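See below for the structure under consideration.
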Amino acid sequence: MSSKSGVSFRNPLPVLENLPTDTLPRLLRRTTVSAILAGLVGFVVALFIAPPLAALGVVLGVGLAVLNLRFLDRQAAKVELRGEQNSKAIRRQLGSKTTLRLAAMTVVVLIVVFLNAPLGIGIVSGLVIYQLVFVANVMRVVASSGGVG
């Protein structure tokens, strides 16, 4: 596949599919620990530059992201236990539950933002911290396995 500029892009999934089976659990564990540490740093920084509720929000945001990961992990384990073989059915099942969970989290966070802006923005910041740490860890794993390009 190539873009309008003529740059060729390869599908990154083959690289991810060829990773050792213990890579994903290690990646998620490293991401969780790193995000908690980054969240603590964010908490301390927020205490100095923002209202205290914003600092609490950072911790709550990282906690929500970790909780979301735990729910997703539990869902995936249930699908594996049932022995579901149809990948389309698995994607549909995981995708619909994940979409509902993320939609509910989004609604709750938006309500908190409108009711108490510092707390809500802190929660959003904590969620962003978790995602940044996750992306950095995935990039590290892909780069150490030979990259995608």
TODO: Output ³J(HN,Hα) for region 54-61: one whole-Hz value per residue in order, computed from phi by the Karplus curve 6.51 cos²θ - 1.76 cosθ + 1.60 with θ = phi - 60°, and x for Gly and Pro.
DONE: 5, 5, 4, x, 4, 5, 5, x
TODO: Determine, for each peptide in 32-42, 115-125, 134-144, the mean count of other beta carbons within 10 angstrom over its residues, then list the peptides with the highest first.
DONE: 115-125, 32-42, 134-144
Open item on the list: Spelling out what I want: for every residue of region 45-52, take phi, set θ = phi - 60°, compute 6.51 cos²θ - 1.76 cosθ + 1.60 (Karplus), and round to whole Hz; glycine and proline get x.
Closed with: 4, 5, 4, 8, 10, 9, x, x
Task: Charge dipole (debye, nearest 20) of region 25-143; +1 at Cβ of Lys and Arg, -1 at Cβ of Asp and Glu - done: 520
Task: Prolate/oblate/rounded call for region 25-143, Cα gyration tensor, a/c under 1.5 rounded - done: oblate
TODO: Compare the Cα positions of 119, 132, 100 along the charge dipole of region 25-143 (+1 at Cβ of Lys, Arg; -1 at Cβ of Asp, Glu; about the Cα centre) and return the one farthest towards the positive end.
DONE: 100
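Values in this text are rule-based calculations from the coordinates and carry no lab data. The shown structure was predicted, so the numbers you read here are calculated from the model rather than taken from an experiment. With ideal geometry, Cβ positions are generated from the backbone for all residues, glycine too; neighbour counts draw on all protein chains shown.
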